[in-house]
Amino acid sequence: AEASERPEGDYIIHVGRFHPGKRHDRLIEAYAQSGIDAPLVLLGQGKTEQEQRLRQLAQTLQVGDRVLFKGFQKNPLPWIKGARMLVLSSDSEGFGNVIVEALLLETPVASTRCPGGVSEILTGGLSRGLADLNSQALAQTMQSIYHSPPVIDVS
């Protein structure tokens with residue numbers, strides 16, 4: 001099915017269900033502000049109304065053609081590995097498994113500095129990927145990580 005095909009070339013990825021706490025609105029706002037041309041791929045699903053609101057927001061911010069809703073993927077790892085960057089925009093996270101998965105696949109991460117495990121995972125040089133809980137800060141962090149990714153040492 002075409003819907004599940006990964007984009008060719010560079011793309012940014014977010015993996016997570018559509019839930020208000022994940023702050024996809026902040027993610028789409030930050031993406032629009034970042035000026036990054038590569039598409040933003042959203043993997044996950046949730047309530048239809050939530051997804052419709054997010055699609056509308058992307059249209060309003062004039063990035064609707066570059067925000068790609070790819071639905072739930074049973075195995076998101078190839079998507080994460082192929083991405084130029086993983087972005088999280090949550091108000092809070094648990095441990096943040098997807099961050100660990102991204103780093104093991106050597107995909108740089110930009111994330112809000114939210115309560116949960118994120119700050120414990122993104123330490124040292126990776127802490128450049130942490131942003132305050134607003135779209136402007138996240139946009140700046142996305143630009144920084146996208147254009148100048150940190151070295152990820154998984155050894």
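Any residue at all in the stretch 18-31 that's at pLDDT below 95, surrounded by 16 or more Cβ atoms within 10 Å (Cβ to Cβ) and in a strand (DSSP E or B)? Yes; the residues of the stretch 18-31 include at least one that is at pLDDT below 95, surrounded by 16 or more Cβ atoms within 10 Å (Cβ to Cβ) and in a strand (DSSP E or B). Pairs only if they're at least six apart or on different chains, beta carbon under 9 angstrom, first in the stretch 19-30 and in contact (Cβ under 8 Å) with a residue 40 or more places away in the chain, second surrounded by fewer than 21 Cβ atoms within 10 Å (Cβ to Cβ) and of a type in the set (Phe, Trp, Tyr); list them, first residue then second. Here the result reads HIS24/PHE18, each pair linking the stretch 19-30 to a residue that is surrounded by fewer than 21 Cβ atoms within 10 Å (Cβ to Cβ) and of a type in the set (Phe, Trp, Tyr). Looking at this structure, is THR60 modelled with pLDDT of 95 or more, loosely packed, with under 13 Cβ neighbours inside 10 Å and hydroxyl-bearing (Ser, Thr, Tyr)? Yes: the conditions hold for THR60.
When the residues of the stretch 12-41 are filtered to those that are of a type outside the set (A, V, I, L, M, F, W, C) and in contact with a Lys or Arg (Cβ under 6 Å, 6 or more places away or on another chain), the one that is nearest to GLN52 (Cα to Cα) is GLY16.
Considering only residues that are assigned to a helix (DSSP H, G or I) and of a type in the set (Asp, Glu), look in the stretch 99-128 and name the one that is farthest from the chain's Cα centre (by Cα). The residue in question is GLU120. Looking only at residues that are part of a strand (DSSP E or B) and out of contact with any Pro (no Cβ under 8 Å at 6 or more places or on another chain) in the stretch 58-87, which one is nearest to ARG26 (Cα to Cα)? Out of the qualifying residues, it is VAL87. PRO39 - would you say it is surrounded by fewer than 19 Cβ atoms within 10 Å (Cβ to Cβ), farther than 24 Å from CYS114 by Cα and touching a Leu at 6+ places or on another chain (Cβ under 7 Å)? It is true that PRO39 is surrounded by fewer than 19 Cβ atoms within 10 Å (Cβ to Cβ), farther than 24 Å from CYS114 by Cα and touching a Leu at 6+ places or on another chain (Cβ under 7 Å).
The values are calculated or read from the model by the stated rules, or taken from the named source; none is laboratory data. Note that the structure is a prediction, hence the values are computed from the model and not measured. Neighbour counts are summed over all protein chains in view; Cβ atoms, including those assigned to glycine, are modelled from backbone coordinates with ideal geometry.
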